[in-house]
Amino acid sequence: MSIVGRFVEVAKLVLSMKCRDFLRFFVDCVPKVQIVGEDETLEDIIDEMLRGASYIVIVDRRGRLRGALSYLDILHHLASESKHMHTPMATAIPGMRSLELSDRSSSIRISLIARPLPPKIREDATVEEALKNMVMTESPYIIVVDKNDNVLGVITQHSIFRAISMKMRS
């Protein structure tokens, strides 16, 4: 079988998995997620990211999903305020709020700059459904939740590709 044929075969297998199984089986492929309260500051979040969290999921006091933020989102906010940018990058991201960030921004509540309605999907949906949702919402990631809306993890387009690659090598 050609490498393309093998890739398609493995991709179909990975895409048919339930999201919960994907998160369990491909732990090394999914990004590290930190769940925080909506009153956390930008300083707290950057500290979490420097310790390895790629995605920050914001929840309210009852644990309900309120927003999400990635390291790229922070960079996009910084770039959106650059005098050298002709088109603010933040405006290219659906749902993002533009806000000037500077060294004085450390006390900004993270809920003010996070994506307010990040895409989410139930744990029993397939990875293919998750990927289609990401494409439809133009988001590189989707948050996986259980039936009670508790956050289980994040699946990215990149993690799906990495999982297919990993499976092909095994």
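The table below lists the values:
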| read-out | value |
| --- | --- |
| Unique match (being in contact with a helix residue (DSSP H, G or I) (Cβ under 7 Å, 6 or more places away or on another chain) and not aliphatic (A, V, I, L, M)) among 63, 67 | 67 |
| Yes/no for residue 52 being over 21 Å from residue 120 (Cα atoms) and surrounded by fewer than 16 Cβ atoms within 10 Å (Cβ to Cβ) | yes |
| Test: residue in the range 140-151 that is more than 18 Å from residue 39 (Cα to Cα), basic (Lys, Arg) and either assigned to a loop (DSSP other than H, G, I, E, B) or at pLDDT 85 or above (or both) | yes |
| Residue selected from the range 1-33 under the condition within 17 Å of the chain's Cα centre (by Cα) and surrounded by 18 or more Cβ atoms within 10 Å (Cβ to Cβ), by the criterion modelled with the lowest pLDDT | 33 |
| Pair list, Cβ < 7 Å and 6+ apart or interchain, from the range 151-170 residues that are at negative phi to residues that are basic (Lys, Arg) | 152/20; 168/6 |
| Residue tally, condition closer than 13 Å to residue 25 by Cα and of a type in the set (Ser, Thr, Tyr), over the range 152-169 | 1 |
| Residue check, residue 36 touching a Leu at 6+ places or on another chain (Cβ under 7 Å) and modelled with pLDDT of 90 or more | no |
| Filtered residues of the range 116-142 (kept if buried (at least 22 other Cβ atoms within 10 Å of the Cβ) and of a type outside the set (Phe, Trp, Tyr)) | 118, 127, 130, 142 |
| Of residues in the range 85-100 being surrounded by fewer than 18 Cβ atoms within 10 Å (Cβ to Cβ), assigned to a loop (DSSP other than H, G, I, E, B) and within 21 Å of the chain's Cα centre (by Cα), the one modelled with the lowest pLDDT | 88 |
| Residue match in the range 123-135 (condition: among the basic types (Lys, Arg), without any contact (Cβ under 8 Å) to a residue 24 or more places away in the chain and assigned to a helix (DSSP H, G or I)) | yes |
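The values are calculated or read from the model by the stated rules, or taken from the named source; none is laboratory data. Every value quoted in this text rests on a predicted model; they were computed, and no experiment measured them. With ideal geometry, Cβ positions are generated from the backbone for all residues, glycine too; neighbour counts draw on all protein chains shown.
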